[in-house]
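As structure tokens, the structure follows; a few thoughts come after it.
The values are calculated or read from the model by the stated rules, or taken from the named source; none is laboratory data. Nothing here was measured: the structure is a model prediction, and the numbers come from that model. Positions of Cβ are backbone-derived with ideal geometry, glycine not excepted, and every protein chain shown enters the neighbour counts. Accessible surface is based on the protein model in full, side chains and every heavy atom, while ligands, DNA and RNA are left aside. Shrake-Rupley method; radii C 1.70, N 1.55, O 1.52, S 1.80 Å.
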Amino acid sequence: MSNKALWNQFDGWKKDYKWVDLSREFSPDTPHWSGFPDMVVEVPFDYPDGFFVHKYTVVSQYGTHIDAPCHFPQGRRTLDQIMPEEMVLPLCVIDITDKVNENVDYVFGVQDILDWEAKYGQIPEGAFVAMQTGWSKREDMNNFDENGIKHFPGWGIPALEFLAKERKVKAVGHEPADTDPGIIACTEGYVGEYYILDQECYQVELMINLDQVPAVGSLIFVGFPKAMGSPGFTARCLALCPKE
């Protein structure tokens, strides 16, 4: 094989594929989990000669972010222990937007996976499975009721068990700020999030633009700092997709 084979493939990518940015901007206005404070941006250096520096005060998992397995279960891998080959994965996008439009408390189930596979084929081992809900387009992503309960869709544990055990996925992602539906989290806790991270999978939250990615055939690139001992960090996620 030519030592320029990868370059030649990249030329083909530029011709036949498109890039879709799956991450939000990084600013104090960026949506984030309701329990976190807004980030603070300071400018300690801004000189006429071009030396320009920002200082950010922010929690590690802010805006679009990756949760490492150790984010919930103790003893699981930290961010720096996620291997480079786990950062580029086949991307499967399962669209349940219509169901969410009918029921904002929709719980993603095994049947949603089976219905998708009946149309597109079996999810490949080591894939990244993203749940498309349209939730990222909302201004009010928390959707609190009068009792302070959040109402938004999320993963059901049976679906996560199926993906982890039967399909052996490497990661999952979603548009809301939490893995679990709001109504489940308020009564049972973050049981789905604990489960999927305990399987040594990672997850990406607060994704955007999933409606611009086909159901099958794309690759996701998940970029983040190699932060030692970290439970997660803001992430830049990109999808390389076949052109329509």
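Which one of Leu160, Thr133, Gln122 is farthest out on the positive end of the charge dipole of the range 108-169, using unit charges on Cβ (Lys, Arg +1; Asp, Glu -1) and the Cα centre as origin?
Farthest along the dipole direction, towards plus: Gln122.
Antiparallel as a % of all DSSP beta bridges within the chain, to the nearest 5?
65
How large, in percent, is the carbon and sulfur part of the accessible surface of the range 59-183 at a probe radius of 1.4 Å?
48
Would you mind calculating the gained length between Gln74 and Asp16 on full extension (0.36 nm times residue separation, minus the Cα-Cα distance), in nm to one decimal?
Difference between extended and current length: 16.5 nm.
From the convex hull of the Cα coordinates of the chain, what is the mean projected area in square nanometres?
Average projection, Cα convex hull of the chain: 16.7 nm².
If a/c stays under 1.5 just call it rounded; otherwise compare a/b with b/c (prolate if a/b is bigger, oblate if not). Do that for the range 64-205, with a ≥ b ≥ c from the square roots of the Cα gyration tensor eigenvalues.
oblate
Residues of the range 1-71: accessible area per residue at 1.4 Å, in Å²?
Per-residue accessible area for the range 1-71 comes out at 68 Å².
Counting DSSP beta bridges in the range 85-209, what percent are antiparallel, to the nearest 5?
Antiparallel: roughly 5 percent of the beta bridges in the range 85-209.
Can you give the net charge of the other residues whose Cβ lies under 11 Å from the Cβ of Gln212, counting K and R as +1 and D and E as -1?
-2
Kindly count the pairs of lysines across the range 1-139 whose alpha carbons are less than 27 Å apart, treating pairs on different chains or eight or more residues apart as eligible.
8
Extension gain Ala118-Phe144, at 0.36 nm per residue separation less the Cα-Cα distance, in nm?
5.8 nm
Given H placed on each backbone N at 1.01 Å, which residues far from Gly126 in sequence or on other chains put an amide H within less than 5 Å of it?
Here the answer is Val169, Lys170, since their amide H atoms fall under 5 Å of that of Gly126.
Work out the length of the dipole vector of the chain about its Cα centre, built from +1 on the beta-carbon of each Lys and Arg and -1 on the beta-carbon of each Asp and Glu, and round it to the nearest 20 debye.
With only Lys, Arg, Asp and Glu charged at Cβ, the dipole is about 960 debye.
Would you mind pulling out the separation of the Cα centroids of the range 88-113 and the range 148-215, in Å?
Cα centres, the range 88-113 to the range 148-215: 10 Å.
In whole Hz and in residue order, list the ³J(HN,Hα) couplings for the range 121-133 that follow from phi through the Karplus curve 6.51 cos²θ - 1.76 cosθ + 1.60, θ = phi - 60°; x for Gly and Pro.
Along the range 121-133, the couplings run x, 5, 4, x, 4, x, 7, 9, 10, 10, 9, 8, 10 Hz.
Put +1 on the Cβ of each Lys and Arg and -1 on the Cβ of each Asp and Glu in the chain; which of Ala239, Gly182, Phe26 then has its Cα farthest toward the positive end of the dipole?
Farthest towards the positive pole: Ala239.
If you roll a 1.4 Å probe over the heavy atoms of the protein chains, what accessible area per residue do you get for the range 157-227, in Å²?
35
Can you give the net charge of the other residues whose Cβ lies under 10 Å from the Cβ of Cys92, counting K and R as +1 and D and E as -1?
0
Mind running the shape call on the range 1-133? Use the C-alpha gyration tensor, a ≥ b ≥ c as the square roots of the eigenvalues: rounded below 1.5 for a/c, prolate if a/b tops b/c, oblate otherwise.
It comes out oblate by the Cα gyration axes.
Go ahead and set up a Gaussian network model of the chain, Cα springs under 10 Å, then flag whichever of Phe108, Phe152, Phe45 fluctuates most.
Fluctuation is largest for Phe45.
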